[in-house]
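See structure below.
The values are calculated or read from the model by the stated rules, or taken from the named source; none is laboratory data. Remember, predicted model here, so these are calculated numbers, not experimental data. Ideal geometry is used to build each Cβ from the backbone, glycine not excepted, and the neighbour counts take in all protein chains shown. The accessibility values were calculated without ligands, DNA or RNA, using every heavy atom of the protein model including side chains. Shrake-Rupley method; radii C 1.70, N 1.55, O 1.52, S 1.80 Å.
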Amino acid sequence: MKYIRRFLRFTLAAFFGSTILVVVAFRFLPVYFTPLMFIRCYQQVQEGKDLKMSHHWVPLEKISSNLPMAVMASEDANFLKHHGFDYKAIESAAKRNREHPEKRKLGASTISQQTAKNVFLWPGRSWVRKGFEVYFTAMIELFWSKQRIMEVYLNSIEMGDGIYGAEAVAEEHFDTDALNLSRAQCALIAATLPNPRKFSSKHPSAYMLKRQVRILREMNYVPKFPKEHEDVRKK
């Protein structure tokens, strides 16, 4: 038992030490690849498709200021207020799913949770993966600024089939760069995020255009995203 306890202590120390080191490193280093990117490449090969992974890291100041507002309006209106988890949204989603089990399940993942999942984990819905998601969400909220979380999110999120991040989707779908995306284009990109491989910002359906209009309207109530070193609590 003594050796087992020693092994468990060593394993836990190694896990926490290595994960904290990685989280701190990614506070400063660009995230060029994520587990999801490699998984999608493997799926493309398995399905006999051409290999595609379009991803170009750019700093937050080279991304249209409309895009953070659009994704907050669409995905996480309280991003600047919470500390990684929106408990009211979780409660609301749980109530709705309980009362209407026949409908598609609603999620309540924040931008922080999605960032943690994209950068450090694999897709899935197991309790083990969810536990790791909670852990890494807490870590990035502790060690990263809200601006850094948003920067990594906008650079790593899947925005189309084989397309990752704002710069890649701007080039591929709108023939521009991330900095010059219009307000309407940003809203359209945000409209696809629930399922970017099904919904296209390049060839939007009528449903996507309706979502775009709703997001544009809700962007009027979202605060302008603060620059690095600005106090998010004032927003």
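A few comments on the model shown:
- Leading residue by the ranking (nearest to Glu218 (Cα to Cα)) among those in region 56-78 that are part of a loop (DSSP other than H, G, I, E, B) and open to solvent by less than 30 Å² (accessible area, probe 1.4 Å): Asp76
- Taking region 104-165 as the region of interest, the helices (runs of 4 or more DSSP H) fully inside it that hold 2 or more residues being under 18 Å from His55 (Cα atoms) are 111-120, 146-156.
- Only one entry of Lys146, Lys105, Lys95, Lys81 meets the criterion of being modelled with pLDDT of 90 or more, open to solvent by 70 Å² or more (accessible area, probe 1.4 Å) and not polar (S, T, N, Q), and that entry is Lys81.
- Residue in region 1-8 that is open to solvent by less than 100 Å² (accessible area, probe 1.4 Å) and at pLDDT below 90 present: yes
- Residues located in region 108-143, provided they are open to solvent by less than 20 Å² (accessible area, probe 1.4 Å) and either in contact with a Cys (Cβ under 7 Å, 6 or more places away or on another chain) or within 16 Å of Asp76 (Cβ to Cβ) (or both): Thr110, Ile111, Ser112, Gln113, Thr115, Ala116, Asn118, Glu133, Thr137, Ile140
- Residue match in region 201-208 (condition: surrounded by fewer than 16 Cβ atoms within 10 Å (Cβ to Cβ) and in contact (Cβ under 8 Å) with a residue 40 or more places away in the chain): yes
- Residue match in region 170-188 (condition: assigned to a helix (DSSP H, G or I) and in contact with a strand residue (DSSP E or B) (Cβ under 6 Å, 6 or more places away or on another chain)): yes
- Scanning region 193-205 for any residue that is outside any loop (DSSP other than H, G, I, E, B) and not hydroxyl-bearing (Ser, Thr, Tyr) turns up nothing.
- Count of residues meeting criterion [open to solvent by 40 Å² or more (accessible area, probe 1.4 Å), touching a helix residue (DSSP H, G or I) at 6+ places or on another chain (Cβ under 6 Å) and either closer than 15 Å to Tyr153 by Cβ or at pLDDT below 95 (or both)] in region 24-55: 3
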